[in-house]
Each structure stands twice: as structure tokens, then as C-alpha cells.
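Okay, so here's the structure we're looking at.
Any read-out appearing in this document is the output of simple, stated calculations on the displayed coordinates, not a laboratory observation. Just so it is clear, the model here is predicted, and its values are computed rather than measured. Please note: Cβ atoms are built from the backbone with ideal geometry, for glycine as well, and neighbour counts cover all protein chains shown.
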Amino acid sequence: MSSQSPQKSALHEKDGVPQPESISQASLAKVVRSRKVQPDASTLISGILKGDITALSRAITLVESTNPVHLEKANTVISACLPHANRSVRIGITGVPGVGKSTFIEAMGKYLTGLDKKVAVLAVDPSSTLSHGSILGDKTRMEELVKDPNAYIRPSASGETLGGVARKTRETIILCEAAGFDTIIIETVGVGQSETAVHSMVDFFLLLKIAGAGDELQGIKRGIMEMADAIVINKADGDNVAKAKLAKTEFNRALHLFPAKSSGWIPKVTTCSAYEKTGIDAVWQLISEYVALVKSNHYFEEKRKTQNQYWMMETIEAHLKQHFYHHPEIKTLLEQNKKAVQNDEISPFAAAMNLLDRYFK
């Protein structure tokens, strides 16, 4: 009986040509090795002062870390960079989600790099209260600016900090300034939480608005508008041009109702289209006029000094809070008091006072 070769299925696929590796294994191994090597503080400092972006990014990662060892090294780097800081204009940008903050910042950043300025964007993304995660997608959204050699984008998670400002943004500003960036732009999460934090670390506070959004945020609009040094009506393009002009007139009237600013500056309203990149030059002109005014009347320096004092107090409060919750005895007592409060065995205020009394003994 003759042997027959088994028939192949009609669905049988012929062996194809193997695809080449998309990543060089030698390059990958080199990257892995370099990441395992942690540069010392002096290496980071030297790199930052030379404008090395890799050294800057690594130093910012140390600043954002909660590891005590990293904190000590970060403080050394910040102290060495401090004499080389304070040579930039710091701009805070806020607005409701959907107003076009990322598009506006990219258009502004490209305009400024066209003027031979070095721009650092500190984009703060909201952290989830459930998973504590954050998307950090600003580099993807600012695809043109991220490729600009005179720009640097650093997305950070907001964490538990109110106002959408990352816990260590203040120190990150110092590192960026030491690396040679003369314009620092801080993008906040958006209106909805206290924006006092970002206002207390920038020179110019810009509020982005869109025409026809309604007054759903009436309850918080006054507080934000009082802090704003300028209001920019974005998306003034297409059929929206007339609406944007009308909104500009309305906001100009509203600003006259607010008390005069101690800086001597009268807040102004302008329109732009970040998508079409029109009106960006007018926005920068406003910022330049403001900086010239506050430097001539010495408000610029006084505000920076006040901000430094504010952040010293904020840092003390943050460290006290962290030390309290990491205290071994308090950790145990805290869980006991939580259960007692839930079972109505003790009031929340009495439980808090008992914990504080034990902590300070």
C-alpha cells in the first residue's frame, strides 16, 4: 500500500518573509544601561547649566519624587541652580476645559520661538481621584512645538494639589530657568478648583475664554477674572468672529467693575484664533507691555519676593502634613479614630484634636 502525503488545507498560508526588528537591540540595550546609571548631583547641575534637556528632565523627575534620597539630591541641584534662575517671564494660562489651552499654547510657543526665545511649557494634567493616574498627553497634542529645538514640554500630574498645579512645579520653574529658558508657560487643569496656586508663581496670569459659552461658571468667574491680567477670547474664526467681538466688549465692561490692581496695570481683553494662528502677536504685545510697566514701577521684583515667602510657608505646611501622616504611631491611631468616627463613637473634631495632641507630645 503506497504512502500518500497528507493534503494541505486550502487555508494553509505560505511562510512569509520574517519582518525585520523595528528597534535595534544594541541601541535598546544602550538606553537601558544609561537609564540604570543615576547621575550624581554635580553631573546634573553641570548638564542643566549647559542646557542639556536630558539632565533637566532627570532633575525634574528627582524633584517630583517622594523618595527621601531623591529629595536630598533634588535640593542640592535646586540650590546650585537658584543663582542662575529668575531670568524669565512666567506666564500662567487657565480656562475651562475645551477652550483650547493646548492649541493656544502651541501657537504662542511657536510664535515666541520664531522671535528667538526659548520656551518651556509646564503642562499640568488632572489626576484621577480613583486610580490617581493621569493621561499626560500634552506632548501629543502639541506635535509641532514638541519638535522645536527651542521649546521644552514637561507634562506633570496634578496629584492632590488644588488648582491643578503639580506639587513641585515651583522648583521645576527654577530648573528650567537655569537651563536657559527665558519664557515659562504653565498650563493649568482649568477653572473648577482654586487657581491661587498658579497665580502665586507666575508674573502674568492669562484667562482664556470662548464666546457663547454661557454663564454656567458665574459663581467662580468673578474670582478668576479678578486675578487675570488679560482675558483672551479664543476661537475667533469662521462664524465665531462676530460673537468673539461681542464677548470682548462685554468682558471689557465687566473688568471696569473690579478694583484697581496694585501693579498699576489695567487688565485688557483681546481676541485670537489659536487654530488659525491669528491674534497671537497681539497677546504677546499685551504681555510685553505688562512686563515693561511692572518692571519700571518695581512691582515685578516685589511680587517675586512675596511669592517666595508664600512658597516657603506652603512648603512648611506640606512637609508637616507629610510627616504627620507618616508618623508610625499616628498611622495606627488614625485607623482607630476613623472607625470610631464612622460608628459615631466620637465626633470628627474631637478625633482630630486627639490625634494632633498625641502628635505634638
Exercise. ³J(HN,Hα) across the stretch 62-77 via Karplus (A = 6.51, B = -1.76, C = 1.60, θ = phi - 60°), whole Hz, x for Gly/Pro?
Worked result: 5, 4, 7, 6, 9, 5, x, 5, 5, 4, 5, 5, 4, 4, 5, 5
Problem set entry | Projected label distance in nm at Trp311 and Lys331, using a 7 Å step from Cα toward the beta-carbon | 3.1
Exercise. When ranked by the protection proxy of mean other Cβ atoms within 10 Å per residue, highest first, what sequence do the peptides 243-253, 84-94 form?
Worked result: 84-94, 243-253
Exercise. So what are the ³J(HN,Hα) numbers for the stretch 279-295, from phi and the Karplus equation (6.51, -1.76, 1.60; θ = phi - 60°), rounded to whole Hz, Gly and Pro as x?
Worked result: x, 5, 5, 5, 5, 5, 4, 4, 5, 5, 5, 4, 4, 4, 5, 6, 6
For this session: Just order 146-154, 260-268 by mean Cβ neighbour count inside 10 Å, highest at the front, would you?
Result: 146-154, 260-268
Exercise. In terms of the ratio Rg/(2.2 N^0.38 Å) built on C-alpha atoms, what value belongs to the stretch 36-80?
Worked result: 1.01
For this session: Please give the contour-minus-distance gain from Thr43 to Ala292: 0.36 nm per residue of separation, less the Cα-Cα distance, rounded to one decimal in nm.
Result: 86.0 nm
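All other residues with a Cβ under 14 Å from the Cβ of Thr43 taken together, and with Lys, Arg as +1 and Asp, Glu as -1, what is their net charge? Please report the intermediate quantities before stating the final value.
Values: positive: Lys50, Arg58, Lys73; negative: Asp40, Asp52.
For residues surrounding Thr43, the net value is +1.
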Exercise. Want the number for Phe258 to Glu144: 0.36 nm per residue separation, take away the alpha-carbon distance, what's left?
Worked result: 37.2 nm
Problem set entry | Stretch gain in nm, segment Ala350-Glu72, where the contour uses 0.36 nm per residue and the Cα spacing is subtracted | 96.4 nm
Exercise. Taking H as built 1.01 Å from N, whose amide H comes closer than 5 Å to the amide H of Tyr275, not counting residues under 5 places away?
Worked result: Lys235
Problem set entry | Rounded to whole Hz, the Karplus (6.51, -1.76, 1.60) HN-Hα couplings of the stretch 312-321, x for glycine and proline | 5, 5, 5, 5, 4, 4, 5, 6, 4, 5
